[in-house]
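The values are calculated or read from the model by the stated rules, or taken from the named source; none is laboratory data. In this text the structure is predicted, and so the values were computed from the model without any measurement. The accessibility values were calculated without ligands, DNA or RNA, using every heavy atom of the protein model including side chains. Shrake-Rupley method; radii C 1.70, N 1.55, O 1.52, S 1.80 Å.
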Amino acid sequence: LQRGAVIGAVLYEGWASSPEQAIKLAENKNINLMPCNDANTVGGLAGITSPSMPVVVATSADGRQRAFCRLWEPFLVFGNYDQKTIQSLKWLEKVFGPAMKIGIEQIGQIEMSALIASALQMGDDTHSRKIATSLLLIKTLLPGMIKVVDKITNFESVINFWLKYDAVSLSFIIASAKVMSLAASAIKGSSVITVICSNGFEAGIQLSGTGNQ
């Protein structure tokens, strides 16, 4: 999955024109690969985030912690890198991402802890089961988007994508969860696990009391 997602991200960014060129760039270390968590970023499944991808930004109430998660889509996340995948990523960048930004700018910051609490009370776990989570997010953002619908490109496609994929809410949930884990980090002597990360072959963890080790 991760190998395919790297190829897809390279093609999406325009750094290579074929999968073979993308593989060669990665193998020759002409692109810099780093763990998402080193940049306070979270990536689901294949987990690749590249510079042009729009991201959700989550911030703690006191402003001390900030984390990021790229917008969810159904192709690169599973390691695909065909033309449909690249077109989907471009659509997220040019259409869906800006629409989400417009909605958030109209309503102000989303209180994710309150949204998560409501979703849990409705039977979601907010990750595997996320129907209520997605509907709550739509309910929160849609009024702001409708206010300036004339500024949103292809509004119908944005809503149809959102209604088709409950997983759209995952980017908001996962970025918020990363902020929570950051708040638990760097506590001397603490054995709380703050990071779990895998590349598909190996898995690693970080503990609060051991820093970035």
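Points worth noting:
- Prolate/oblate/rounded call for the range 81-121, Cα gyration tensor, a/c under 1.5 rounded: oblate
- Per-residue accessible area (protein heavy atoms, 1.4 Å probe) orders CYS36, CYS69 as CYS36, CYS69, starting from the largest.
- Residue-level accessible surface for GLU202, protein heavy atoms, 1.4 Å, Å²: 130
- Helix-only mean residue ellipticity at 222 nm for the chain, each DSSP H run of n ≥ 4 adding -39500 (n - 2.57), per residue, nearest 500: -13000 deg cm²/dmol
- For the chain, the relative contact order comes to 21 percent (Cα pairs under 8 Å, sequence separation of at least 6).
- Summarising the amide proton neighbourhood of ARG70: residues at separation of 5 or more, or on other chains, whose placed amide H is nearer than 5 Å comprise VAL42, VAL56.
- Accessible surface of the chain [probe 1.4 Å, protein heavy atoms]: carbon and sulfur percent: 55
- The string of couplings for the range 59-66 from the Karplus curve (6.51, -1.76, 1.60, θ = phi - 60°) is 10, 5, 4, 8, x, 7, 10, 9 Hz, one whole number per residue in order, with x for Gly and Pro.
- With θ taken as phi - 60° and the Karplus curve 6.51 cos²θ - 1.76 cosθ + 1.60 applied, the whole-hertz 3J(HN,Hα) list for the range 190-205 is 7, 9, 5, 6, 10, 9, 10, 9, 9, 10, x, 10, 10, 10, x, 10 Hz, x standing for glycine and proline.
- Where the chain is the region considered: accessible area per residue in Å², 1.4 Å probe: 56
- Shape category assigned to the chain from the gyration tensor of Cα positions, a/c cut at 1.5: oblate
- Under 17 Å from the Cα of LYS147 - aspartates and glutamates, other chains or at least 8 residues apart: GLU105, GLU156
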